[in-house]
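Reading through the structure tokens given below for one structure.
The values are calculated or read from the model by the stated rules, or taken from the named source; none is laboratory data. For clarity, every value in this text was computed on a predicted model and none was experimentally measured. Positions of Cβ are backbone-derived with ideal geometry, glycine not excepted, and every protein chain shown enters the neighbour counts. The area values use the complete protein model at the heavy-atom level, side chains included, leaving out ligands, DNA and RNA. Shrake-Rupley method; radii C 1.70, N 1.55, O 1.52, S 1.80 Å.
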Amino acid sequence: MTIKRSIKTPIQNRVVQTGGLVFVGGTTADDTTQSMGPQTQNILTKIEGYLGEVGLDRTAIVAATIFVTDLSMKKEMDPVWTAFFGDGLPTRATVGVADLGGTTLIEVVVTAAKG
């Protein structure tokens, strides 16, 4: 089995490829003072950039796990999410968590298919 890691940060490799799958680690917004909608848009744009570094785009995303600090804010995230993916929506789970650190409202982890 071959494992290819890229986009190293002090605590993780943002992208790990193995067995035809590409895993993108937890991604948060650059400006966490914004509300859930803008944070979601920033995260999705960042994820697409990470995938671009391995030759993929948003259409390769097959699954996502979304962590939010307030499930009632999901109504602000959902329209951004559906507009970003259009008809190519991945499977998804949204999980409420107590804290993501500071003013972070949302963190997204995705799995994409390559091959």
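What to note about this one:
- Here Thr45 fulfils each of the conditions (1) surrounded by fewer than 16 Cβ atoms within 10 Å (Cβ to Cβ); (2) touching a residue at least 24 places away in the same chain (Cβ under 8 Å); (3) within 24 Å of Asn13 (Cβ to Cβ) apart from (2).
- Test result for Ala29, among the small types (Gly, Ala, Ser), in a loop (DSSP other than H, G, I, E, B) and open to solvent by less than 20 Å² (accessible area, probe 1.4 Å): yes
- Against the list (1) free of Cβ contacts under 8 Å to residues at least 24 places away in the same chain; (2) touching a strand residue (DSSP E or B) at 6+ places or on another chain (Cβ under 6 Å), the condition Asp87 fails is (2).
- Residue match in region 16-25 (condition: without any contact (Cβ under 8 Å) to a residue 24 or more places away in the chain and open to solvent by less than 70 Å² (accessible area, probe 1.4 Å)): yes
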